Amino acid sequence: NAQGVPLNYSVDCGPVQQVAMMWMGQDMYRGAIPGQVPGSRITYSITATDMAGNSATSPEHTFAVIDLGLGDFDFDGGVDLFDLALFGNCYSGESNPLGLFCVRADFDGDCDSDLSDFAGFHAKFVK
């Protein structure tokens, strides 16, 4: 039996938050991440601690709430020069955190906006 099984999650590379998971019987637990704004990227893992205090954490997994169109900062259905200007405002460089409202500039899901993300933006821009 486990002492505690929290669901650890972060939204758009923000601080890690926890939700208690409920024991459903046998070795099954269930937890729910609260609803998030469309376009948010959720990263989560699960930690279990047994009665002896031993703990283990699952690998992290990431998903987007829905894809509203990476690179389309003005929500007009296309990636154009206006979006390029906004992408430039979000460019943070490798391993530097994204600015506020810049999750649309993170094409590779590593919580920054760098040359790899620009390559993804460019591929959408030229279509």
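Some points to look at:
- Residues located in region 3-28, provided they are open to solvent by less than 60 Å² (accessible area, probe 1.4 Å) and at negative phi: Gly4, Val5, Pro6, Leu7, Asn8, Tyr9, Ser10, Val11, Gly14, Val19, Met21
- Verdict on Asp50 being of a type in the set (D, E, K, R), within 17 Å of the chain's Cα centre (by Cα) and within 25 Å of Asn8 (Cα to Cα): no
- Number of residues in region 51-76 that are open to solvent by less than 50 Å² (accessible area, probe 1.4 Å) and modelled with pLDDT of 90 or more: the value is 1.
- Residues that are within 23 Å of Ile42 (Cβ to Cβ), open to solvent by less than 60 Å² (accessible area, probe 1.4 Å), out of contact with any strand residue (DSSP E or B) (no Cβ under 9 Å at 6 or more places or on another chain) and not basic (Lys, Arg), drawn from region 95-127: Leu98, Gly99, Cys102, Ala105, Phe107, Asp112, Ser113, Asp114, Asp117, Gly120, Phe121
- When the residues of region 29-45 are filtered to those that are assigned to a loop (DSSP other than H, G, I, E, B) and in contact (Cβ under 8 Å) with a residue 60 or more places away in the chain, the one that is surrounded by the most Cβ atoms within 10 Å (Cβ to Cβ) is Gly39.
- Test: residue in region 77-94 that is assigned to a loop (DSSP other than H, G, I, E, B), buried (at least 16 other Cβ atoms within 10 Å of the Cβ) and under 20 Å from the mean Cα position of the chain (by Cα): yes
- Hits in region 46-73 (condition: closer than 23 Å to Ala123 by Cα and assigned to a loop (DSSP other than H, G, I, E, B)): Val65, Ile66, Asp67, Leu68, Gly69, Leu70, Gly71, Asp72, Phe73
- Cys111 vs. criteria modelled with pLDDT under 85, in contact with a Cys (Cβ under 8 Å, 6 or more places away or on another chain) and of a type in the set (A, V, I, L, M, F, W, C): yes
- Count of region 101-126 residues, restricted to those that are part of a loop (DSSP other than H, G, I, E, B), more than 22 Å from Pro38 (Cα to Cα) and among the hydroxyl-bearing types (Ser, Thr, Tyr), is 0.
The values are calculated or read from the model by the stated rules, or taken from the named source; none is laboratory data. Computed from a predicted structure; not experimentally measured. Here the Cβ is made from the backbone with ideal geometry for all residues, glycine too, and neighbour counts use every protein chain on show. Just the protein is used for accessible areas: all its heavy atoms, side chains included, with ligands, DNA and RNA removed. Shrake-Rupley method; radii C 1.70, N 1.55, O 1.52, S 1.80 Å.
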